[in-house]
Amino acid sequence: MDRCVVLVDAGYLLGAAASLLAGEPSRSRVTVDHTALIAALRERAEAETGLPLLRIYWFDAAPERRPLPEHRRLRVLPRVTVRLGALTRAEGRWVQKGVDAAMHAELTELARNRACADVVLVTGDGDLLPGMMSAKEHGVVVHLWALQAADGDFNQSEDLVGEADERRVLDREWIEQWVRPRELPATFPTPGPRHEIAKILAAPPAPAGPVAPAEPAAQARPVAALKVVPTPKDLAVRTAAPAPASLVLRWSSERGWVEKPGSETTTAGDGLPTLAQLTTAEQRWADREEDITSIGGDAHEVGQVFARRWLDRLGPVERLTALWGDYPRIPHRLDGELLRYAARFGLLAHKDDQIDEHDRYAIRAGFWKELGTRVPGGELVVAEDRTV
């Protein structure tokens, strides 16, 4: 029939776009306007083939073949069909399984059933060569599209290039309209020494000579209560007076702050309820719908959306000011829930070896940005940190 079909290998297209625009092939380094990209592919395919579009097939992979939010948004678009392979872990890397086989089967079936006159392939994998040859034998014209390579060389199989009837290159100017590099968030600045400790460290050394007698206890100056939580090293330099009895010592670890045995076990935000505890079944359903249809999946945006929902359902926010005092530390239970929420958007997948630290920073920065709008002066603190 006189129609055209577009088959897109999403791993190739978006990976090549990330290499071209962000300097590395990780898809987490770019943001994609999928709706606009699909519309652009349709328009260009119809213009170059001179035929109306039958359908765009979007081939991608997902853990356990369960569609990610971007796949859910794509498959409800008109004339779009999503086919998913498996995303599995092999030798410390994420590997696609079944995508090439699905593309080969679809291409062969379309040609055998004479469902189209022209096929546009957006891929670079040489495993599709038998399917391309079979389609040509059934009288289908095969157009092979490449994305401009970052190094100016081919990023496609030479066998595919040699077998295709027509070949086009989607250049940087074209792809930049729909795909943009993701801005890396500024990391939280390393805090400088507190003013009380700085005074101690800056004090001149005691003069040599006999030690002056200590003041009587009745005349000794009272020890001012610390307004900050010092580290054990800070306490070591405070030799002029003993530490207050109520002082809480904390050591950091990969799981968050660990309390010294015998000290208090919670901080200002640890007693606050999580989002799951505040969310009704109806709200959970509405949240899912919003995630699928409206949330783009940018790490910073995901953190803001999570914080907005949590703050809206928290009710009275008298304790937020106290929570702000722990900035940039998010309470442990809430932080774990935040990262699990981000996993819905694939932010913690498609990584080579481990969870991407840039995404972690961006997710948490988005959380604090939203919280900063609810706390007096909070916006200024977040803005200042992001400029450091």
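Here are a few things to note about the model shown:
- Selection from the stretch 22-52 of residues that are in contact with a Lys or Arg (Cβ under 8 Å, 6 or more places away or on another chain), farther than 22 Å from E301 by Cα and crowded, with 19+ Cβ neighbours inside 10 Å: R42
- Applying the criterion of being without any contact (Cβ under 8 Å) to a residue 60 or more places away in the chain and basic (K, R) to the residues of the stretch 79-100, the residue that is farthest from L68 (Cα to Cα) is R79.
- Qualifying residue in the stretch 291-301 (condition: touching a strand residue (DSSP E or B) at 6+ places or on another chain (Cβ under 6 Å) and either within 20 Å of P69 (Cα to Cα) or at pLDDT 65 or above (or both)): yes
- There is no residue in the stretch 58-77 that is more than 31 Å from the chain's Cα centre (by Cα), at pLDDT 95 or above and closer than 23 Å to C4 by Cα.
- For first residues located in the stretch 1-18 and at pLDDT below 90, partners that are among the hydroxyl-bearing types (S, T, Y) and in a helix (DSSP H, G or I) and lie 6+ apart or on another chain with Cβ distances below 9 Å do not occur.
- Test for A86: is it of a type outside the set (S, T, N, Q), in a strand (DSSP E or B), outside the structural domain of A343 (by TED's automatic domain parsing) and within 26 Å of E176 (Cβ to Cβ): no
- Scanning the stretch 108-127 for residues that are over 26 Å from F154 (Cβ atoms) and not in a helix (DSSP H, G or I) gives N113, R114, A115, C116, A117.
- Taking the stretch 58-79 as the range and being touching a helix residue (DSSP H, G or I) at 6+ places or on another chain (Cβ under 8 Å), more than 15 Å from T293 (Cβ to Cβ) and surrounded by fewer than 21 Cβ atoms within 10 Å (Cβ to Cβ) as the test, the residues that pass are A62, R79.
- Given (1) surrounded by fewer than 22 Cβ atoms within 10 Å (Cβ to Cβ); (2) closer than 23 Å to E48 by Cβ; (3) more than 34 Å from the chain's Cα centre (by Cα), number of the condition R112 does not satisfy: (2)
- When L338, L320, L314 are screened for being at pLDDT 85 or above and in the same structural domain as I292 (by TED's automatic domain parsing), only L338 passes.
The values are calculated or read from the model by the stated rules, or taken from the named source; none is laboratory data. For clarity, every value in this text was computed on a predicted model and none was experimentally measured. So basically every Cβ, Gly included, is an ideal-geometry build from the backbone, and we count neighbours across all protein chains shown.
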